[in-house]
Amino acid sequence: RADAAVPIKKRKHSLEEVSNGETKSEDSFGGFNICKVLNENAKHKAIFVHGSFEGSTDDAVVILEKTPFTENTVKGILSSDTDLKLAIHNDIYKTFEAFPKPQENGIKATLIYPATSKHISKYTEQDVYVVRETAEDYRNITLPYIQAEQFSIQWVYNILDKKKEAERIVFEDVDPETGFILLPDMKWDCKQVNDLYLVAICHTRGLRSLRDLTRDHLPLLKNILEKGQNAIKEKYQVPPSKLRIYFHYQPSYYHLHVHFTHIKFDAPGSGVDRAHLIQDVIQNIEINGNFYQEASISFALRENDKLLSKFREAGKA
Ligand code: GTA
């Protein structure tokens, strides 16, 4: 192995890093021990695994997903390069187990390393409960909780400071108040537009979620909506009518950002228990500048989410 001399703790596992459109795979899953399969999703053809690397006490979470077909990969697969093992032959009907060339057969692997117990919990299959949060609940339960405990948003600052993923930026408006960076979301491999997923991260710091949005932020929201749509149309030829553009409430990362997904893509978190369309958010604030400081909002929380325990302790769930 080329990296045999590198102490295990210092090895890089940055399978996600992309430069000039090429994915650099600086390491391997050699020495990976599976502790537990946290979740499996047959519909999304994904599996979530908790494990660790040999010689390290740190936890790791790996997400493996089969990616959608593209015209290019299909051309390669439907060729003599693919080995076929006949499974069924009945009249004019045949099914095969097909073994395409490795290049045609890539899967997306996401590594979170070192992973915190909150990451492990996040990716673990568990029961889901709907909670209705009043404005008072937000101030008394949710806000103190997110101030005390939340995922690190270092990855967000790395993007805003151009320390990471700078070459992936699709559009930037540098205005400190209304500006943002638009780039492909970690969940998208950028190979095909039918699962297009970009995220717009606002430059202004300190806005945690839609609960912080007031009339003052309308220029920011309208800017993200309009320039984000334009940039996606220009780069990917996907018109605004094919985009689902929304906030998550609750988000995982409390630095304001907007999800742009293709309408055909059943993105995790795009349901009514979590996604708030930006157009509706803008209109709600136009009607009442303090809408999100006054409204009750429902959302889903998982069994192991400590926020759910806080709501239960307060007799609210
Ligand atoms: N470009 O480093 C990053 C990065 N990180 C760390 C997160 N994101 C990043 N993007 C870039 N670089 O869409 C993206 C995330 C997400 C957004 C944050 O930023 O991919 P959010 O704050 O609302 O958090 O958005 P969210 O949506 O909960 O985060 P996440 O990680 O997407 O979790 C979604 C849930 O969907 C998980 O609990 C998981 O169980 C489930 N899920 C189902 N399929 C997948 C999948 N294929 N990959 C990840 N999660 C999946």
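The values are calculated or read from the model by the stated rules, or taken from the named source; none is laboratory data. Keep in mind that this is a model prediction, so the values were computed, not measured. Cβ coordinates were reconstructed from backbone atoms using ideal geometry, including for glycine residues, and neighbour counts include every protein chain displayed. When the accessible area is computed, the model is the full protein with side chains, heavy atoms only, and any ligands, DNA or RNA have been set aside. Shrake-Rupley method; radii C 1.70, N 1.55, O 1.52, S 1.80 Å.
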Only one of (1) over 14 Å from the mean Cα position of the chain (by Cα); (2) open to solvent by less than 60 Å² (accessible area, probe 1.4 Å); (3) in contact (Cβ under 8 Å) with a residue 12 or more places away in the chain; (4) closer than 27 Å to V62 by Cα fails for P251. Which number is that? (1)
Scan segment 25-38 and report the pairs whose first residue is farther than 13 Å from S56 by Cβ and whose second residue is at pLDDT below 95, with Cβ atoms within less than 7 Å and a gap of 6+ or a chain change. S25/L15; E26/K12; E26/S14
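For segment 109-149, enumerate the residues that are of a type in the set (F, W, Y) and under 20 Å from E303 (Cα atoms).
In the first step, residues of segment 109-149 are kept if they are of a type in the set (F, W, Y); the result is 113, 123, 129, 138, 145.
Within segment 109-149, Y123, Y129, Y138, Y145 meet the criteria.
Would you mind finding the one in T110, T95, T82 that is open to solvent by less than 100 Å² (accessible area, probe 1.4 Å), within 23 Å of A42 (Cβ to Cβ), β-branched (V, I, T) and more than 16 Å from the ligand (Cβ to nearest atom)?
The match here is T95.
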Output the number of residues of segment 200-242 satisfying the condition of being touching a residue at least 60 places away in the same chain (Cβ under 8 Å), under 15 Å from L183 (Cβ atoms) and in contact with a Phe, Trp or Tyr (Cβ under 7 Å, 6 or more places away or on another chain). 3
Name the residue, out of S241, S309, S298, that is within 27 Å of I169 (Cα to Cα), hydroxyl-bearing (S, T, Y) and either modelled with pLDDT of 95 or more or in contact with a His (Cβ under 6 Å, 6 or more places away or on another chain) (or both). S241
For segment 17-28, check the following and say yes or no: at least one residue is within 16 Å of the ligand (Cβ to nearest atom), open to solvent by 30 Å² or more (accessible area, probe 1.4 Å) and modelled with pLDDT of 95 or more. no
Answer from I201, I224 - the residue that is open to solvent by less than 20 Å² (accessible area, probe 1.4 Å) and in a helix (DSSP H, G or I): I224
Note on N194: of the conditions (1) at pLDDT below 95; (2) within 23 Å of R244 (Cβ to Cβ); (3) touching a helix residue (DSSP H, G or I) at 6+ places or on another chain (Cβ under 8 Å), unmet is (3)
Please specify each residue of segment 274-317 satisfying the condition of being within 30 Å of I224 (Cα to Cα), assigned to a loop (DSSP other than H, G, I, E, B) and either basic (K, R) or open to solvent by 70 Å² or more (accessible area, probe 1.4 Å) (or both). R274, N290
On the basis of being without any contact (Cβ under 8 Å) to a residue 60 or more places away in the chain, closer than 16 Å to A231 by Cβ and among the charged types (D, E, K, R), does D173 make the cut? yes
Members of segment 286-317 that are under 26 Å from the mean Cα position of the chain (by Cα) and of a type in the set (A, V, I, L, M, F, W, C): I297, F299, A300, L301, L307, L308, F311
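With respect to D83, determine if the residue is over 22 Å from Y123 (Cβ atoms), charged (D, E, K, R) and at pLDDT 95 or above.
Working: over 22 Å from Y123 (Cβ atoms): yes; charged (D, E, K, R): yes; at pLDDT 95 or above: yes.
Against the criterion (over 22 Å from Y123 (Cβ atoms), charged (D, E, K, R) and at pLDDT 95 or above), D83 qualifies.
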Inside segment 123-158, can you point out the residues that are among the polar types (S, T, N, Q) and out of contact with any strand residue (DSSP E or B) (no Cβ under 8 Å at 6 or more places or on another chain)? T134, N140, Q147, Q150, S152, Q154, N158
Conditions: (1) within 11 Å of the ligand (Cβ to nearest atom); (2) loosely packed, with under 14 Cβ neighbours inside 10 Å; (3) over 17 Å from the mean Cα position of the chain (by Cα). Q154 meets all but one. Number of the miss? (3)
Looking only at segment 174-198, which residues are open to solvent by 20 Å² or more (accessible area, probe 1.4 Å), closer than 18 Å to H255 by Cα and more than 9 Å from the ligand (Cβ to nearest atom)? V174, D175, P176, E177, T178
Pull up segment 255-271, narrow it to residues that are within 9 Å of the ligand (Cβ to nearest atom) and in a loop (DSSP other than H, G, I, E, B), then point me to the one that is most open to solvent (accessible area, probe 1.4 Å). P268
Given the conditions (1) closer than 25 Å to E71 by Cα; (2) open to solvent by less than 20 Å² (accessible area, probe 1.4 Å); (3) within 11 Å of the ligand (Cβ to nearest atom), report the number of the one that V238 does not fulfil. (3)
